[in-house]
Each structure stands twice: as structure tokens, then as C-alpha cells.
Amino acid sequence: MMTRRDFFKGTGALIVGFALFPHARTVAERLPGSLSRHPGIDSWLRINADGTVTVLTGKIELGQGIVTAIAQIAAEELDVAVTRVRVIMADTRQTPDEQYTVGSRSVEQSGVAMRAAAAEAKMFLLQRASEKLDAPVERLEVRDGTVRVSGGEARVSYWELLGGKRFEIEASGRGKIKDPGEHTIVGRPIERLDIPAIVTGGSVYVQNLRMDGMLHARVLRPPGYGARLQEIGRGVEEMPGVVKLVVDGSFAGVIAEREEQAIRAWEALRRLAKWSPGPELQGAENLYEHLSKLPVETEEVAKHGDVESALREGVRLEATYRRPYHMHGSIGPSCAVAELRDGRLKIWTHSQGVFPLRRSLADLLPLAEDKIDVIGVQGSGCYGHNGADDVAADAALFAMRLPGRPIRVQWMRDDEHAWEPYGSAMILQLRASLTDAGRISAWNCELWSDAHATRGDLLAGRYVGKRRGEPSRGFLGGAHRNAEPLYELPNRRITAHYLRGPLRVSALRSLGAYANVFAIESFMDELAGKAGIDPVKFRLEHLRDERARVVLRRTAEMLGWKNERLPGNTGIAFARYKNTATYCGVGFEVAIEAGRLRLVRAVSAVDAGLIINPDGLANQIEGGIIQSASWTTKEQVRFDRHGVTSRDWDTYPILRFSEVPLVEVAVLDRPDEPPLGAGEASQGPASAAIANAVYRATGKRVRDLPITPDRLA
């Protein structure tokens, strides 16, 4: 027989591993968003003695209004005025680690976590107030942070109860979240908290940071990918204001007292330095032919039914769509400030992921991760992985060579355009067949794309003396984002071919969804034309999701759709971002004047579930439409065998103010539904709506982006 001692010797670890903290695990599983990973209320909220509330989020403000939204959510659940709320974002010293601000997930992850944390904090404060006022919680009411007994005079404020002290509790999941009908702050168009400082020239952006004793630095970039530094040249150290010349392998740059002195020294370095050439870039003459011949990794993303058999029946249609490389085109070139003092490195940056960046910097530098602080500061223009992490690494390398003074690194426009990671070029081949009744019976999509996120691959890491290994393959799944249509398709197959193209790539707003939706929604129009059915009616006949149908109808009506007919010179498109987030329809009216395309107006209906700030949501959809319009009609990264040639605004033109269409957005509030990410919802539909409008205006189907005058001719 087994003794009790033998039993525990053999199985004790199993019992402990599964049963020691069952309640804690159950609670964590039901906590929403990032709260499940960071359940401590002190990670999210502070009640200050001065009558203010500090809330903390691991997400960073990129222009999407997350700081304002988080403040609204916290103020709503705590019952305090928004003006009392102070927001700290993306700071490795203080905020929860919420990884990256990506994928339109800020409200879905951080917002819902803040709502639950604030509700839990309010429950705790009411229990404290109940003891203080000697009244049951049920009789207490809160107005702007002051708790009073209903019908009585006794009162106590949050600041008296906890001002300056910690909560020292973890979320239990029992805090009562308000019903949408009780909201007085959430769902209201609160003015963005950062706008006044932006329009008055306040210190909002990292580019504006100025510190006592701050030095300025510039990095010497090679002439092209893979080039190696052979000779640096002499005499730069003696130039006025130059404090230090830094050379580490093929990473080089100059530090000076003033910015213009750093620029003059950098210009001298460019003239004097000698480089060995890197490998020639392939595909410059015929990009898409080159991409289609590269080795690939193939993945069948989705399959349902017998596609090949269904494709052999009915009316068949095939089309190939292409998008070029796109750059972020941040209006303010990437910038960071770093300071090494007493063995501790601080970096101020507009990175989308301060905690992952800290880990990457620890790999690059001779410094432990716990000796590095990364502090998020808003940047002047970015959605996606631009040069923010790279410039932070540049600043860190300079600071390590010159401790005791903050060092500011500002990329030049040439640096930003030529060295940032781009959005990948893509090819999409679509095949479909139609029944005699005009219904899609088969759908086949094959796509070719590079990765859509290579975060952690720091540019400086490729050139320092102790070179890092080959960059990781990156996030391949972003290539097939939104590649599977939301429509009812009985036989469908999506196949992704992953390749490694000639240019450096990473995440750009909406990842592969921009090209995938462009192709899907252009093809839907082509299929509708083949079937002889109005494009809106055709889509509605293939949609089961009622929320999708409402959004599509509303968009069509805003565009002027009547009696199942769209007005001339208009086009429409629809998608649900990632097929799980915001529903978005976009319609465009265009005009062709002297062979050039003019965008007259754009309309959009959007369903993002519970709305935190309707004005902020509309801003996101408007901004996405305008950025997508710029990509769709103007933008493409050009290069030759030596390197990127799109190095300024003349060689990489973007949409100008005079070219922006009138934009109207209808926000459909669904307060009983969860809030959905919206920051990237309009990118794809806008591109297809423009292409579809161009076809109706000209009879020309443009499948290769951008839609330039040459392609219209």
C-alpha cells in the first residue's frame, strides 16, 4: 500500500501547481483587457491629496485621442470631473506593461481595464466612506469626488479618504460598472486634452523637449543598405561646438552644443566618410515581377467547401491587385532624448512600445534592463512602426559615450524617408465564380507579402561594432489581416505567400488590411458589374451580419443611393476591421479634371460599439480616410539598385490641404455593445471606394496603386 508520505513525494508538485491559487486564477481570467495581467489597482489609479486623480496607461498617444478617452472612462466610473484627471502614459517607471499601442486595441485593452479598475476603486472608496460616515454604502452618493449620505449633510471626499496613499488592493472583478444609461461623461464629445497645447505651440511633442545642459547629435547614415564604414575622415572634432565624434563599427555620428553645429558637422562627415558598397537592391525596374519570383513560405489561412469544383461552374472572373511600398511619412522626423547619469539610462521617445523597446535596448547596450527607463512622449505624426525605436537606440548609444548630459537626436528628413521601415508591397490574385442568380459560389484569394511588423530590429544594431544577428522574420500574420471577406461565401480559400522583399519593412497603419480590403472591395464591384446588379444591393445580398448591413446602407444613403442606384462618379466599399473590430463603410465622389483625379467628397458610417468620445471616433475615421486617400492617389516608395530615392516631399508627395475632400462621418452608437477599436478601420474601405468611384467616372478599372494621372491616361 502507498503511504501518505509516498503519495506526497510522488504527486505533491502536481497538487501544488494546480490548486494553490485557484481563486486568484479564476479572478484573473474574468478581469477585462490588460487588468488580467496587472490586477493591482495602484497600477492604474492614484487619488491625490490636491483633489486630482492620476490615471496610468501603458498605451501611448499617437493622435488617436487615447489620453482623452482614458480620462473620460476613469472620470465616469469614479464620478469625478474630467478636469480633475491627469494621465500618465507609457512609462516603464510607472505604468503597467501593455506591450505595444497597435491594432486599434487601446480602448479594447487599456480602456476596459481602466473602467473595471476605476469601478473597483470606487467600491473601495465607498466602503471607506461608509465607515467614516457611519452609513451603509447603499445610502451613499458621489458627486465630483465627494461622497455624501443621501438626504443628509455628512460628507467626505476621496482626497480625505485616500489622498496621497496607495490602494494596496487587487481587482476582484466585483466593482459595479455603470450601465450606459447612467453615463454623463462617456459618450460625450469631450475636447481633446492635448489640443490646446498643440495649437498654441506648447511642449507636447518629443521634438519640442528641451532640457538643461542638453546636447544635440546627428547620425551618419550609410549610402545604402548593407554598406560598411571604411574611413571616417578627420577634422570634424575641431569644428565649432563639436563635443564628441562617436564611431562604433559602422555606426557613427557627432555630438555638439547646438543643433545647427551638429548639422554642420554631420554634413562634413557625409563628405569625408568612405563606405564599402552594400549588395545591390533587386526589383527596382519591375517590383511585382521580382516579388512574384522570390522564395516563399506558404500558409493556407482559411478554407471552406470545395473551391476548385465551384470555380469550374458559372460565370468566372479573375483579377490581380497590387500595392507598392508605403512610408509613414511622419511630418515630424523621429526624435528622442537620452541621458546616462549614475549608471542609469533614461530615454524620452515616441515609441509605440516602451517596455519592449527597453528589452531591445538591453540587448544592444552593455546595460541591464532594470537600469533603463523609457518614458513615452507624444510624437509629431505616426501610425505604425516608424523610426521612433531606431532614434531611441541612436540617442542611447550617444548617451552611453557621454554620461551626465541629456543628448537629443533628431533625424533629418532624408533619414526619415530613406531609413524608416516601410509598409510592405503586396500582390493579390483573386478568382471567383457567380451563379446564374448573381450569387458568389466560389472565392479564391492568393496574396504575396513581406512581414508587417519587425519590431525589435533596431537599425543601429545592424551597424554597431558588435553586430547583432539577422533580424527576425517578423509578424507574418499581418499580411492576411482582413484577407477573408465578411461576406457569405459558401466555398472560399485564402492562401498567403510570405516573402522577404528588397526593402526594410514593418508595421504601417492597418497592416495588410489596406491592400486586402482594396482588393476585396474592388473585386466585389467587378463581380456586381458582371452580374448586372447594383454594387450596394450585391453586397447586401451577401451579408448576414445585421450590424454590417446597417453600416453599409447608411453609408450608401449618405452617398446618395436611391432606388438601388448610386449617383455617377461615386464608389462605395465596406469592411469590418480584422473582422472583429469596428464596422466601417466609406463612399467617395470623384471628378476627373484635365486628366487628373480630384477627390470631391467622402462619407462614412461607422459602428464601434459603445462610444467613449464621438468626436474622437469621428476624427479617427476622418484621419484614416484622408491618409488612405493619400496612399491611394499619390504615395509609393521608389528605389534603384543603390538605395531608396524617395528622400523628400518632392520625390514622395503626399496629399496637400488643397486636395483634401469634404468628409462627413456618421457615428452609430451602440451603448449596449463592447467598445471596438476604430483607429485603422477606414484605411481599406477608403482605397476601394476611390477606385470604384474612378471606374464609374471613367470606365477604367485601376488595380495597381497609386491611382496616378499616368494610370488614368
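The values are calculated or read from the model by the stated rules, or taken from the named source; none is laboratory data. If you're wondering where the values come from, they're calculated on a predicted model, not measured in any experiment. Note that we place each Cβ from the backbone using ideal geometry, even for glycine, and neighbour counts take in every protein chain shown. Heads up: the accessible areas ignore ligands, DNA and RNA and are worked out on the full protein's heavy atoms, side chains in. Shrake-Rupley method; radii C 1.70, N 1.55, O 1.52, S 1.80 Å.
Restricting attention to segment 415-438, does a residue exist that is open to solvent by less than 30 Å² (accessible area, probe 1.4 Å), more than 15 Å from Leu499 (Cβ to Cβ) and without any contact (Cβ under 8 Å) to a residue 60 or more places away in the chain? Looking through segment 415-438, none of the residues is open to solvent by less than 30 Å² (accessible area, probe 1.4 Å), more than 15 Å from Leu499 (Cβ to Cβ) and without any contact (Cβ under 8 Å) to a residue 60 or more places away in the chain. Note on segment 272-301: residues that are without any contact (Cβ under 8 Å) to a residue 40 or more places away in the chain and either farther than 23 Å from Thr645 by Cα or among the acidic types (Asp, Glu) (or both) total 3. Scan segment 89-138 for residues that are in contact with a Pro (Cβ under 8 Å, 6 or more places away or on another chain) and either touching a residue at least 40 places away in the same chain (Cβ under 8 Å) or not small (Gly, Ala, Ser) (or both) and the total you get is 9.
If you filter segment 90-106 down to residues that are of a type in the set (D, E, K, R) and assigned to a loop (DSSP other than H, G, I, E, B), you find that the one that is surrounded by the most Cβ atoms within 10 Å (Cβ to Cβ) is Glu98. In segment 45-61 there is no residue that is open to solvent by less than 10 Å² (accessible area, probe 1.4 Å), in a helix (DSSP H, G or I) and modelled with pLDDT under 95. The residue that is nearest to Gly595 (Cα to Cα), counting only those in segment 683-698 that are polar (S, T, N, Q) and open to solvent by less than 10 Å² (accessible area, probe 1.4 Å), is Asn692. Of the candidates Ile626, Ile621, Ile654, the single residue that is touching a strand residue (DSSP E or B) at 6+ places or on another chain (Cβ under 6 Å) and either of a type outside the set (Ser, Thr, Tyr) or under 23 Å from Ile592 (Cβ atoms) (or both) is Ile621.
Pairs linking a residue in segment 533-561 that is free of Cβ contacts under 8 Å to residues at least 40 places away in the same chain to a residue that is among the acidic types (Asp, Glu), with Cβ atoms under 8 Å and 6 or more positions apart or on different chains, are Asp534/Glu564; Val536/Glu564; Lys537/Glu564. Against the numbered list (1) modelled with pLDDT of 95 or more; (2) part of a loop (DSSP other than H, G, I, E, B), Arg473 comes up short only at (1). Is it the case that Ala618 is under 18 Å from Val517 (Cβ atoms) and out of contact with any His (no Cβ under 7 Å at 6 or more places or on another chain)? No. Inside segment 588-629, can you point out the residues that are touching a Pro at 6+ places or on another chain (Cβ under 7 Å) and of a type in the set (S, T, N, Q)? Asn613, the sole residue that qualifies. When Asn386 is tested against (1) surrounded by fewer than 19 Cβ atoms within 10 Å (Cβ to Cβ); (2) of a type outside the set (Lys, Arg); (3) assigned to a loop (DSSP other than H, G, I, E, B), only condition (1) is not met. Of the listed requirements (1) closer than 27 Å to Tyr463 by Cα; (2) surrounded by 14 or more Cβ atoms within 10 Å (Cβ to Cβ); (3) modelled with pLDDT of 95 or more, Pro295 misses just one: (2).
A quick yes/no check of all residues on (1) over 23 Å from the mean Cα position of the chain (by Cα); (2) closer than 20 Å to Gly187 by Cα; (3) modelled with pLDDT under 95; (4) not in a strand (DSSP E or B):
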{"position": "Met2", "(1), (2), (3), (4)": "yes, no, yes, yes"}
{"position": "Arg5", "(1), (2), (3), (4)": "yes, no, yes, yes"}
{"position": "Thr11", "(1), (2), (3), (4)": "yes, no, yes, yes"}
{"position": "Leu14", "(1), (2), (3), (4)": "yes, no, yes, yes"}
{"position": "Gly17", "(1), (2), (3), (4)": "yes, no, yes, yes"}
{"position": "Ala24", "(1), (2), (3), (4)": "yes, no, yes, yes"}
{"position": "Thr68", "(1), (2), (3), (4)": "no, yes, yes, yes"}
{"position": "Ile88", "(1), (2), (3), (4)": "no, no, yes, no"}
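Taken together, the residues in segment 421-437 that are more than 23 Å from the chain's Cα centre (by Cα) and part of a loop (DSSP other than H, G, I, E, B) amount to 3. Note on segment 298-313: among residues that are open to solvent by 90 Å² or more (accessible area, probe 1.4 Å) and not in a loop (DSSP other than H, G, I, E, B), the one that is farthest from Ala479 (Cα to Cα) is His304. Among residues of segment 588-602 that are within 16 Å of Ser682 (Cβ to Cβ), those with a Cβ under 7 angstrom from a residue that is among the aromatic types (Phe, Trp, Tyr), sequence gap 6+ or separate chain, pair up as Leu599/Phe588; Ala602/Phe588. With the checklist (1) in a helix (DSSP H, G or I); (2) more than 30 Å from Leu281 (Cα to Cα); (3) open to solvent by less than 30 Å² (accessible area, probe 1.4 Å); (4) not charged (D, E, K, R) in hand, flag the one item Leu489 doesn't pass. Looking at each condition in turn, Leu489 falls short on (1).
Within segment 212-241, if we keep just the residues that are more than 20 Å from Met412 (Cβ to Cβ) and open to solvent by less than 50 Å² (accessible area, probe 1.4 Å), the residue that is modelled with the highest pLDDT turns out to be Gly213. The sole residue among Lys530, Lys537 that is open to solvent by 20 Å² or more (accessible area, probe 1.4 Å), of a type outside the set (Ser, Thr, Tyr), farther than 18 Å from Glu635 by Cα and in contact with a strand residue (DSSP E or B) (Cβ under 9 Å, 6 or more places away or on another chain) is Lys530. When Gly438, Gly529, Gly478, Gly474 are checked against the criterion of being among the small types (Gly, Ala, Ser), within 23 Å of Ala388 (Cβ to Cβ) and touching a helix residue (DSSP H, G or I) at 6+ places or on another chain (Cβ under 9 Å), Gly478 stands alone in meeting it. Go over the candidates Val337, Val391, Val315, Val296 one by one and state the one that is of a type in the set (A, V, I, L, M) and closer than 28 Å to Gly624 by Cβ. Val391 is the lone residue from the list that is of a type in the set (A, V, I, L, M) and closer than 28 Å to Gly624 by Cβ.
What's the number of the condition Ala319 fails, among (1) crowded, with 17+ Cβ neighbours inside 10 Å; (2) of a type in the set (Gly, Ala, Ser); (3) in a strand (DSSP E or B)? Among (1) crowded, with 17+ Cβ neighbours inside 10 Å; (2) of a type in the set (Gly, Ala, Ser); (3) in a strand (DSSP E or B), the lone unmet condition for Ala319 is (1).
Looking at (1) in contact (Cβ under 8 Å) with a residue 24 or more places away in the chain; (2) open to solvent by 40 Å² or more (accessible area, probe 1.4 Å); (3) among the charged types (D, E, K, R), which one does Asp179 not meet, given that it meets all the others? Failing condition for Asp179: (1). Annotation: Ser203 fulfils all but one of (1) closer than 21 Å to Gln378 by Cβ; (2) hydroxyl-bearing (Ser, Thr, Tyr); (3) open to solvent by less than 20 Å² (accessible area, probe 1.4 Å); the unmet one is (3). The set of residues in segment 365-382 being farther than 22 Å from Ile88 by Cβ and either touching a residue at least 24 places away in the same chain (Cβ under 8 Å) or outside any loop (DSSP other than H, G, I, E, B) (or both) consists of Leu365, Pro366, Leu367, Gly381. Look at segment 399-414: where a residue is on the phi < 0 side of the Ramachandran plot and open to solvent by less than 10 Å² (accessible area, probe 1.4 Å) and a partner is charged (D, E, K, R) and not in a strand (DSSP E or B), sitting 6+ places away or on another chain with Cβ atoms under 6 Å, you get Val409/Asp394.
Regarding Gln109, is this residue assigned to a loop (DSSP other than H, G, I, E, B) and over 19 Å from Val142 (Cα atoms)? Here the answer is no, as Gln109 does not meet what is asked.
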